[in-house]
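Since the structure comes first, as structure tokens, the remarks are kept for the end.
The values are calculated or read from the model by the stated rules, or taken from the named source; none is laboratory data. Note that the coordinates shown come from a computational prediction; the quantities given were computed from them, not determined experimentally. Virtual Cβ from ideal backbone geometry, glycine too; neighbours counted across all protein chains shown. In case anyone asks, the SASA skips ligands and DNA or RNA and just uses the protein heavy atoms, side chains included. Shrake-Rupley method; radii C 1.70, N 1.55, O 1.52, S 1.80 Å.
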Amino acid sequence: MNWEQAYRELLKQYNQVKTEYERAVQRIQELESQPRNGASAAAAAKAEVVAADVASPANYEATLKRLVRQIGAILQAEKVVFMLHDPEEGELRAYPPAYGLTEDEIRLLRVRATQGVSGEVFREGKPIIIHDAITDPRTSKEHVAMLHIRNLVCVPLILEKRDEENRVIDRQTIGVLHAFNKQRGGHFIDEDVRLLERMARNAAAVIAGMRLYQAILEEKEELVHTIESLRAGLLLVHHNGRINQMNAAARRVFGLGPDVLGKNYTEILNNDTIRAMIRAALEEEREGELVEITVQIDGKEHIYQVQNAIVRGEDQKPMGTVMIFNDITDIRNLERMKSAFVATVSHELRTPLTAIKGFVSTLLMDSEDAFTPEDRREFYSIIDQETDRLTRLINDLLNIARIEAGESLKPVYKHVDFYALSKKVVMIQRQATTKHTIIHEVPEDLPKIIADEDKVDQILTNLLSNAIKYSPNGGEIRVKAWEEDADHIVFYVSDQGMGIPKEHLTKVFEKFHRVDNTDTRKQYGTGLGLYLVKHLVEAIHGGQIWVESEVGVGSTFYVRLPKVPPAVKEGKEQVEK
Ligand code: ADP
């Protein structure tokens, strides 16, 4: 996984920097312990060295500060300063900490990387001694005046990369190191150069360490930020049981605030399964387990799939365990809905088939003509209705399959007289019920629209058959339409049935969604009808559909259709004659 690699890489880099830094500190100490003519100065310098064991920006800076002071003492120079190369600006620029220079002087000390003594040392990688800075043509007179430089020695700051056997595998010049003005009017000599070169190597290592450290800090910050905003929950528990990392998504699982880092997992994680998993990981190095937990978040049930892994250091020793929490509530719900769907579809198919088969068999067996013509008519009409129901269901299923496959249902646009169409649909639906009064309230002069006639038929039929189905005690059903504005018509289908609870008002248009209660359970259905209707209204006609409803009072489904669908307006589809 990406973040896991990143974390390991970060740890590796951090350890590298630490080793490099410690090596540099050690070399400084060794250097100081070598006797030199200024023995007392060296002793004084040595007294200041405090071995630092943790790499941090403050420690790096302190180490460099000691280093410049020690160089001043050992070389008996009045001023010591680093100038580092800035590749973007093409400059060599002085950086703190320096010895014997004010902050302003440090800020003002900068030259082109190609100019002067510093430029030459940087380019050539060779040290230079200047005995008389005022007359020597190579010095910058401006800097000589600013820093009152009499004489100087300048060496390159070379960063050496070494392999495991301490062989130099790469060299890079990152700047120069200056010592100005030998004390007591003296002159710098070749031995000073050699000494300064050795100090410069250590300084380069410390500076490189500091830069790397800063880069790692930035990288770490970025990583922490990324982890924090992951959708999946992430929890990192250190080998000692303390929380090292826990992002917002993971804190949500346990209902925790941001103040969790450094706390023991047994104190704050209230889930036994997870605690057992962490314990097994820390104590027995068990990993790769996959468990599912169910938690309540804001009063809602969430299912999480949790997996863990052991985090190992470079030496393969376990450093802790990491866990990922994936919210699979939606997937589980969909799975549940799908199996419920298969059950209902099988049922929906079997019910009309059983009826058809029953009546056909009865008619076939009636060799004596025991049934009256009226009976027979009724049987035929039931067979007819049930066949229609089967056809509708199969059409719905085929259409859904097409939408799912990404094929939009091919529209056939014509001039449609909604008045005539709705009148026909209402008449057909009246046949299907004796309990309901279906009122057709569409003005005869309603303007014609451009639409797919079969699909509008399907929309209206679906809404009307739902209105009948979900008002089992009968009542009034109304189909009303009007011209809303110059570009739209609106129609609705209202009933006085069981109504829809508020929390389901938008969900009823989702695939497989059925309101589940004792009333609705008595009505067969697949939860596909309104999903399909919404698709037909929106995708085919560029319209809108919504519902207003009150439980126990009734429901009204509204549809707004543009008089000209967008596809026609934009010239993508033709209107058939
Ligand atoms: P189906 O009727 O096959 O279940 P639909 O997609 O047509 O599927 O409807 C989804 C759900 O919306 C229904 O199960 C029902 O709970 C609710 N519903 C639809 N129309 C009405 C209505 N007129 N009155 C009350 N509830 C309705």
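Observations on the model:
- Here the label points at Ala215 and Asp388, each 7 Å from Cα along the C-beta direction, are separated by 7.7 nm in the simple model.
- Estimated [θ] at 222 nm from DSSP helical runs (n ≥ 4, -39500 (n - 2.57)) normalised by residues in the chain, nearest 500: -15000 deg cm²/dmol
- Two-site label geometry, Asp417 and Leu261: point separation in nm, points 7 Å out along Cα→Cβ: 7.5
- Solvent exposure of the chain amounts to 54 Å² per residue of accessible area, where only protein heavy atoms count and the probe is 1.4 Å.
- Charging the Cβ of each Asp and Glu at -1 and of each Lys and Arg at +1, and nothing else, the dipole of segment 404-544 about its Cα centre rounds to 680 debye.
- Placing dummy labels 7 Å off each Cα toward the beta-carbon, the span from Asn270 to Ile134 is 8.1 nm.
- Beta bridges per DSSP, both residues in segment 392-512: antiparallel share near 65 percent.
- Taking 19 Å as the limit for the C-alpha separation, the pairs Lys338/Lys507; Lys455/Lys563; Lys410/Lys577; Lys435/Lys502; Lys480/Lys572 exceed it in the case of Lys435/Lys502; Lys480/Lys572.
- Candidates per GluC sites (Glu not before Pro) in segment 142-245, loop by DSSP, up to 15 other Cβ within 10 Å: Glu164, Glu165
- Portion, in percent, of the accessible area of segment 332-403 that falls on carbon or sulfur, probe 1.4 Å: 60
- Within the accessible area of segment 413-569 (1.4 Å probe), percent carbon and sulfur: 48
- The stretch between Val575 and Thr173 holds 137.2 nm of extra length on full extension. This uses 0.36 nm per residue minus the Cα-Cα distance.
- For the chain, the share of DSSP beta bridges that are antiparallel, to the nearest 5, is 90%.
- R0 of 51 Å, Cβ-Cβ distance Ile189-Glu222: FRET efficiency to nearest 0.05: 0.55
- Dipole magnitude for the chain: computed about the Cα centre from +1 point charges on Lys and Arg Cβ and -1 point charges on Asp and Glu Cβ, it is near 1440 debye.
- Gain on full stretching of the segment that runs from Arg279 to Met365 - 0.36 nm per residue minus C-alpha separation: 23.6 nm
- Against the main long axis of the alpha-carbon atoms of the chain, helix 2-33 sits at an angle near 10°.
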